[in-house]
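Peer 1: I have a structure here, written as structure tokens, and I will follow up with some questions on it.
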Amino acid sequence: MRSKHAESIGLHRPLRYMGRREFLALGAAGLLASCQSGPIASVGTPGPTVTKLPPLSDADWSALAKSLNGTLVRPDSSQYATARQLFSARFDAVHPVGIAYCASPADVRACLAFAHKFSLPFAVRAGGHSYEGYSTTMGLVVDVTRMNTVSVNAGVATVGAGTRLIDVYSSLARQGVILPAGSCSTVGVAGLTLGGGTGVLGRKFGLTCDNLLSAQVVLANGQMLMCDASHDADLFWALRGGGGGNFGVATSFTFRTHSLSSLSLFTFTWPWNTAASVVDAWQNWAPHAPDELWSNCVLIAPADKGTAPFVVVNGVYVGNVDPLNSLLTQFTTRISAPPASRYVTGASVLNTMLYEAGCSGKTVGQCHLPTQDPQGQVQRDTSGVKSDYF
């Protein structure tokens with residue numbers, strides 16, 4: 001039976017008859033699990049899609065601003081230059097007519113009503129990491145990053161949609177639990193979850209969306225609801241990786257967590273002349289490794305033309321170093337030459353996620369963009385990603 005909310009969210013027939021994993025598999029190609037993957041050549045800076053915006057008066061914008069508990073940033077604001085930025089500088093040519101920092105689901109509802117009333121294009125933004133720039137628009141950006149609280153109780157975590165992954169990991173680590181999610185520290189939990197959510201703990205604990213228990217959502221008609229496997233189950237199905245998060249604006253998520261206090265991690269490098277041997281060995285080893293082990297193999301051509309290309313294999317193991325070393329020996333003995341460098345160590349969960357984010361030796365505060373935290377040292381990106389399939 002179709003949910004009574006199906007028409008509101010654009011579902012015209014039940015989706016539950018296709019397995020969710022089958023659906024995810026249709027669009028899984030090209031995902032990157034680690035922020036430490038090699039540099040990717042820029043694919044150019046796309047210009048903004050030219051859309052004729054409806055005429056809105058200052059009074060219209062003032063009315064929206066007064067209706068919000070959060071903040072509305074307009075082009076004449078001193079905050080605008082940074083407020084409009086995504087993680088990728090490729091989309092700096094896009095100039096939204098307004099950015100609404102929503103402090104509550106009611107703010108989201110007000111923004112959706114405003115966009116509907118004036119036929120104004122809008123985009124929802126959390127971490128702003130969309131490779132295709134879907135986190136911005138020439139119209140209204142509905143930013144949810146101020147909804148960023150994390151609470152943990154009895155194996156369950158409730159996470160605001162605007163929370164960035166490094167803050168999720170930091171909050172959960174204090175309780176000795178983990179949520180399988182991505183490696184890039186400034187990615188927002190919302191886009192990751194709604195798109196599926198792959199990461200270094202995925203083989204052991206599943207995708208991020210596999211661990212989703214419920215979600216609070218604002219629908220296009222302004223209705224706010226909580227959906228789970230028993231309530232509006234078709235919407236809940238769609239939010240777990242189906243449709244790119246276009247069925248409503250999620251404002252918070254409740255996840256199943258997993259008890260975990262430490263991990264082991266490794267990074268090996270080889271010179272370029274062993275690349276074929278490394279790739280062949282990795283492809284015949286990694287898929288058959290136990291679920292506790294995640295790894296990737298990256299061929300790196302440095303931007304500096306004077307630096308020779310090389311191969312990196314790195315990964316994370318849910319367990320102690322000794323069994324990991326045994327697994328790594330099974331891998332390295334298949335390769336024609338020993339690694340040029342080898343790093344294997346045990347680490348806390350939080351330090352592991354800092355390492356995978358490229359923030360080894362940094363604090364959680366430093367593992368943010370400077371615009372997100374006064375201590376932030378993470379730099380914006382200028383690269384693009386293209387799928388070989390789509």
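Read-outs throughout are calculated quantities, based only on the coordinates presented, and are distinct from any laboratory measurement. Computed from a predicted structure; not experimentally measured. Glycine also receives a Cβ, built like all others from the backbone with ideal geometry; neighbour counts cover every protein chain displayed.
Peer 1: Rounded to the nearest 20 debye, what is the charge dipole size of segment 265-390 about its Cα centre when +1 sits on each Lys and Arg Cβ and -1 on each Asp and Glu Cβ?
Peer 2: Dipole magnitude for segment 265-390 comes out near 280 debye.
Peer 1: Report the trypsin sites (Lys or Arg not before Pro) located in segment 153-214 that are in a DSSP loop and have at most 11 other Cβ atoms inside 10 Å of their Cβ, or state none.
Peer 2: Those that pass, being in a loop and sparsely packed, are Arg174.
Peer 1: Please list, or write none, the aspartates and glutamates whose alpha carbon is within less than 20 Å of the alpha carbon of Lys204, excluding same-chain residues fewer than 8 places away.
Peer 2: Cross-link targets: Glu22, Asp291, Glu292, Asp322, Glu356.
Peer 1: Can you give the extra length, in nm with one decimal, that the chain gains between Ser360 and Val344 once fully stretched, where that is 0.36 nm per residue apart less the Cα-Cα distance?
Peer 2: Extending this stretch completely gives an extra 4.4 nm.
Peer 1: In whole Hz, what ³J(HN,Hα) sequence does segment 333-346 give by Karplus (6.51, -1.76, 1.60; θ = phi - 60°), x for Gly and Pro?
Peer 2: With the stated coefficients, segment 333-346 comes to 5, 7, 9, 5, 8, x, x, 6, 8, 9, 9, 9, 7, x Hz.
Peer 1: Between Lys52 and Tyr80, what is the FRET efficiency for a Förster distance of 22 Å, r being their Cβ-Cβ separation, to the nearest 0.05?
Peer 2: 0.55
Peer 1: Would you be so kind as to identify which of Ser171, Pro96, Asn148 lies farthest towards the positive end of the dipole of segment 49-177, taking Lys and Arg as +1 and Asp and Glu as -1 on Cβ and the Cα centre as origin?
Peer 2: Working it through, the farthest residue towards the positive pole turns out to be Ser171.
Peer 1: Over the Cα atoms of segment 314-390, Rg to Rh with Kirkwood Rh, two decimal places?
Peer 2: Over the Cα atoms of segment 314-390, Rg/Rh equals 1.09.
Peer 1: Run the quick spin-label model on Thr329 and Ala103: label points 7 Å from Cα toward the beta carbon, then report their separation in nm to one decimal.
Peer 2: For Thr329 paired with Ala103, the spin-label model returns 6.0 nm.
Peer 1: Nearest 0.05, what FRET efficiency do Asn69 and Asp322 give at R0 = 35 Å with Cβ-Cβ as r?
Peer 2: Between Asn69 and Asp322 the formula returns 0.10.
Peer 1: Follow-up question, since we're still on this one. I'd like the Karplus ³J(HN,Hα) series for segment 357-363: coefficients 6.51, -1.76, 1.60, θ = phi - 60°, whole numbers in Hz, and an x wherever there's a Gly or Pro.
Peer 2: Running phi through 6.51 cos²θ - 1.76 cosθ + 1.60 with θ = phi - 60° gives 7, x, 10, 4, x, 9, 7 Hz.
Peer 1: Next question. Under a Cβ-Cβ cut-off of 15 Å, what is the net charge of the residues other than Ile99 that fall near it, where Lys and Arg count +1 and Asp and Glu count -1?
Peer 2: Combined, the nearby Lys, Arg, Asp and Glu give 0.
Peer 1: Same structure, new question: Assign unit charges at the C-beta atoms only (+1 for Lys and Arg, -1 for Asp and Glu), then state the dipole size of segment 109-211 relative to its Cα centre in Debye, rounded to the nearest 20.
Peer 2: 140 debye
Peer 1: Then there's this: Work out how much length Ala89 to Ala276 would gain on full extension: take 0.36 nm times their residue separation and subtract the Cα-Cα distance, in nm to one decimal.
Peer 2: Answer, rounded to one decimal: 63.9 nm.
Peer 1: Amide H neighbours of Asp381 under 5 Å, at least 5 residues apart or on other chains, H built in the peptide plane: list them.
Peer 2: Ser88, Ala89
Peer 1: Residues with amide H under 5 Å of Ala123's amide H, sequence separation 5 or more or different chain, H placed in the peptide plane at 1.01 Å from N; which?
Peer 2: Result for Ala123 returns Leu140, Val141, Val142.
Peer 1: Also, quick follow-up: Specify the inter-centroid distance of segment 110-127 and segment 248-292, based on alpha-carbon positions, in whole Å.
Peer 2: Result: 38 Å between the Cα centres.
Peer 1: Charges on Cβ only, +1 for Lys and Arg, -1 for Asp and Glu, centred on the Cα centroid of segment 309-390; of Val311, Leu369, Val349, which one is farthest towards the dipole's positive end?
Peer 2: Val311
Peer 1: Still on this structure, please answer the following. Name the residues whose placed amide hydrogens come within less than 5 Å of the amide hydrogen of Arg146, ignoring near sequence neighbours (fewer than 5 apart) on the same chain.
Peer 2: Residues meeting the amide H criterion: Cys102.
Peer 1: Give me the extension gain from Gln175 to Ala154: residue separation times 0.36 nm, minus the current Cα-Cα distance, reported in nm with one decimal.
Peer 2: Full extension from Gln175 to Ala154 adds 6.6 nm.
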